[in-house]
Amino acid sequence: MIGTSTSKTTPYSPPWLRDRKNPPTFHLRTASTLERDAFEAELEGVHNAGAVYDVVVREITIAGVRALAAEDDQGRLIDLLDQEAALDKGDELSTEEAALLRGLREVLSLHWPEYRAIQAQVSRRNKLLPTLAFMTFCSGWSDVTGNDGEPLKFATNALGQIDEDVLRRVPHIMLHVTGMQAYSMQYGSGEAKNSAPLSKSSGNQQTSTSGGGSTKGGKSPAKSGKKIPK
């Protein structure tokens, strides 16, 4: 586990608490490039929670479509994935189209091991990144109240990490948002936003179109017999 440092910190208060007279304030530090890379290496090497990129999810998804879907359905499904990825913010697929992609992902989760594995990695990263970033890049706080309603004093263990008993008392949403802010700061975002994407791809989020163009009516090798809803 990467230790923490108390030098060159930036104060941060969760947005919904900033109007308080004495809002809880966390002191977040920006690590060196080497330590930032070590943080990413820990996520990837120790926790199997490295960043997952849209292009990788797309390749795995399309491979699953070609293996599991009827040949006549493959082109439409891949086109729908492309349409979903190209949607502008606020736009949505039709109810029928969205239901079709949900069904596709359910089938892939059940019957395509590579898809299930990559989604498990996304989930691990989404869960672990905020907590690990909080533990690594938060070097102190003031006016923080624990989830038991009592004042929470910052304390570290012999390794310089936030003490586990203290960490458990930090309200979860506060830890999550502050951890994401700490992570965002490592890439120069600072106060520009209160959180950064937990992963390059997660769950049913859009997949990137950068992994290759749409393949209409793609030719499939063999089918496994698992039907994807039409």
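Counting only aspartates and glutamates at least 8 places from LYS127 when in the same chain, those with an alpha carbon closer than 18 Å to its own are GLU40, GLU42, GLU44, GLU164.
Straightening the chain between LEU93 and GLN161 buys 19.9 nm, computed as 0.36 nm per residue apart minus the Cα-Cα spacing.
In the neighborhood of GLY140, defined by Cβ-to-Cβ distances under 14 Å, what is the net charge if each Lys or Arg adds +1 and each Asp or Glu adds -1? Display every interim value, and only then the final one.
Working: positive: LYS8, ARG29, LYS153; negative: ASP143, ASP163.
Net charge around GLY140: +1.
On full extension, the segment bounded by ALA38 and ALA120 gains 27.3 nm, given 0.36 nm per residue less the C-alpha separation.
Take 16-26, 72-82 and order them by the average number of nearby Cβ atoms within 10 Å per residue, most first; the result is 72-82, 16-26. The distance between label points at GLU106 and ALA86 comes to 2.8 nm (points 7 Å beyond Cα on the Cα→Cβ vector).
Sorting 171-183, 102-114 by average packing, meaning the other beta carbons within 10 Å per residue, from highest down gives 171-183, 102-114.
Rule-based calculations on the coordinates, nothing more; no lab input. Just so you know, these numbers come straight off a predicted model, no measurement behind them. Ideal geometry is used to build each Cβ from the backbone, glycine not excepted, and the neighbour counts take in all protein chains shown.
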